[in-house]
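The values are calculated or read from the model by the stated rules, or taken from the named source; none is laboratory data. Note that the coordinates shown come from a computational prediction; the quantities given were computed from them, not determined experimentally. Heads up, the Cβs are rebuilt from the backbone with ideal geometry, glycines too, and the neighbour counts pull from every protein chain shown. Protein only, heavy atoms only, side chains kept; ligands, DNA and RNA dropped before computing areas. Shrake-Rupley method; radii C 1.70, N 1.55, O 1.52, S 1.80 Å.
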Amino acid sequence: MLQINPDLNDLVSDAASRLLSLLQSEATITAAAPGRVNLIGEHIDYCDGFVMPFAIDRYIVIAGCSNGTSDARVATALGEEIAIFDVSKPQHEGEPKWSNYIRGVICGFQDRGHHIPGFDACIHSSVPGGAGLSSSAALECATATFLEGLLDTRLETKEKALLCQKAEHDFAHVPCGIMDQFASAFGKPNRLVLIDCRSGEPDLIPFENPDLTVLISNTMVHHELSDGGYAARRKHTEEGLAILGKASWRDVTAADVQASWDRLGAPVNRRARHVVGEISRTIAAAAALARNDFETLGPLMAASHDSLRDDFEVSCKELDIMVEIARKIGRGGGVIGARMTGGGFGGSTVTLCESRKATEIAATLAAEYEKTTGITPQIFASRPSQGAHLVQ
Ligand code: GLA
């Protein structure tokens, strides 16, 4: 029932052989960048909050080489339409849609004065798309890392992540925060990437207890309202902060929100309550995890989900069902905590559980979810893994 994470080396060699068969080119540079899962701290990276994601053991790989022309020719291992575009010119959006992530990152390098030589590349992925696991950030970070190899240059990790975030804003039109690109760029084995989004500094905190397992359950649904829904939530938080007259959500207390409840008005007041609550829950969760206090951590994850469902309204029926099944299994069955993860409107849940019960829990999640929804979910475990890197 637990899916096996495809081996990164297999992904790399498949990408190289697809590059050869599709574009007749030999890979000389290969970059890999992971997706992420977030343990807690949702929809607050764009509110100066704290978030606690980690890089998962699922990657986007780009294998390629320079081709001596001014064009990029980019194929995917799935054999989709090949993207061909001139990289000697300033970049703009184009078809196929997925190529915009690549164009956006190239644009970031051009903005920094780099001349990009033509290249051939093939993209391969083990990050499920549309599952709230940041396949887009992984593609951006893999592209940036591939370009570092191609140009024989290195960006500071933070600069690389910010360049990728800008690509997402400008070329995919998603006004995302910094969590996904930071997790994909900074991830390390056995480390969570605790990010203070006000200072913009990540703190790599240990997560090495072998008795703990993180299960990721992809509900396999992705509701269409997602794009507009994300931007609308972000706008609500900006309106809320302006009404409260504060410079940062970190300066707002739960009492401030209550005192201004009517002035904030619906739904901004509920959005505000989520932001303030989630910031304090994430700080408390990091402290609880550090002292192995799972009796505190579990309820914090539960409260996070409830707040995302009721106050921030980014959950959906399928995510709620998956979380509810985990809750029913409960502490006695080895579940420490469960919640939706990522932007929401579909996608995945994260379940923190005892390793010795993980397989059984995954089986119950899969069976009960399928029984209730008729949908077969995709469930896998992941430990914190290496962030974006060139593969030797
Ligand atoms: C998406 C965005 C992130 C973050 C999450 C919600 O993944 O890309 O920046 O806002 O949603 O926590």
Computed from every Cα-Cα pair in the range 1-99, P(r) in 5 Å bins starting at 0 and rounded to whole percents is 2, 11, 16, 17, 16, 13, 12, 9, 4, 0
Given all pairs of distinct Cα atoms, the range 66-166 yields a Kirkwood Rh in Å of 13.8
What whole-number value in Å² describes the accessible area per residue of the chain for a 1.4 Å probe?
-> 39
When the chain is fully extended, how far beyond the present Cα-Cα distance does Thr296 get from Gln378, taking 0.36 nm per residue of separation?
-> 26.7 nm
Once the dipole of the chain is set up with Lys and Arg at +1 and Asp and Glu at -1 on Cβ about the Cα centre, which of Ile82, Val275, Gly130 lies farthest towards its positive end?
-> Val275
For Asp211 the rounded accessible area (nearest 10 Å², probe 1.4 Å, non-protein molecules ignored) is 100
Here FRET efficiency (C-beta to C-beta, Arg198 to Asp10, R₀ 51 Å, nearest 0.05) is 0.80
Kirkwood Rh, the range 157-312, all Cα pairs: how many Å?
-> 17.5
How big, in percent, is the set of alpha carbon pairs in the chain lying more than 37 Å apart?
-> 21
Return the sequence-ordered ³J(HN,Hα) values of the range 245-254 in whole Hz as given by the Karplus equation 6.51 cos²θ - 1.76 cosθ + 1.60 applied to θ = phi - 60°, using x for Gly and Pro.
-> x, 10, 7, 8, 5, 5, 9, 9, 9, 4
So which of Lys89/Lys235; Lys188/Lys371; Lys166/Lys235 end up more than 27 Å apart by C-alpha?
-> Lys89/Lys235; Lys188/Lys371
Can you figure out the FRET efficiency of Lys328 with Asp211, using R₀ = 30 Å and their beta-carbon distance, to the nearest 0.05?
-> 0.85
Enumerate the aspartates and glutamates that Lys357 could reach by cross-link, defined here as Cα to Cα under 14 Å, with residues fewer than 8 away along the same chain left out.
-> Asp211
Of the accessible area of the range 247-392, with the probe set at 1.4 angstrom, what percent is carbon plus sulfur?
-> 53
Stretched out fully, how many nm does the piece from Ser70 to Glu370 gain, at 0.36 nm a residue minus the Cα gap?
-> 103.0 nm
Taking the dipole about the Cα centre of the range 247-371, with the C-beta of Lys and Arg at +1 and of Asp and Glu at -1, give me whichever of Trp261, Phe345, Met301 is farthest to the positive side.
-> Met301
In Å³ per residue, the alpha-carbon convex hull of the range 263-360 encloses 97
Could you give the dipole magnitude of the chain about its Cα centre, charging the beta-carbon of Lys and Arg +1 and that of Asp and Glu -1, in debye to the nearest 20?
-> 620
Model label zone, Glu239; criterion: amide N under 16 Å from point 7 Å along Cα-to-beta-carbon; scope the range 307-349 | 311-314
Nearest-20 debye value, the range 53-157 charge dipole, Cβ charges on Lys, Arg, Asp, Glu = 80
Counting only protein heavy atoms and leaving out ligands, DNA and RNA, the solvent-accessible surface of Thr153 at a 1.4 Å probe, in Å² to the nearest 10, equals 30
Cα extents of the range 350-392 per principal axis, largest first, Å, are 44, 24, 15
Say R0 is 51 Å: what FRET efficiency, to the nearest 0.05, do Lys158 and Asp256 get from their beta-carbon distance?
-> 0.95
Extended-chain gain in nm, criterion 0.36 nm per residue less alpha-carbon gap, Gln392 and Thr359 | 8.5 nm
Find, to one decimal place in angstroms, the Kirkwood hydrodynamic radius of the range 315-387, where the mean of 1/r is taken over every pair of different Cα atoms and then inverted.
-> 12.5
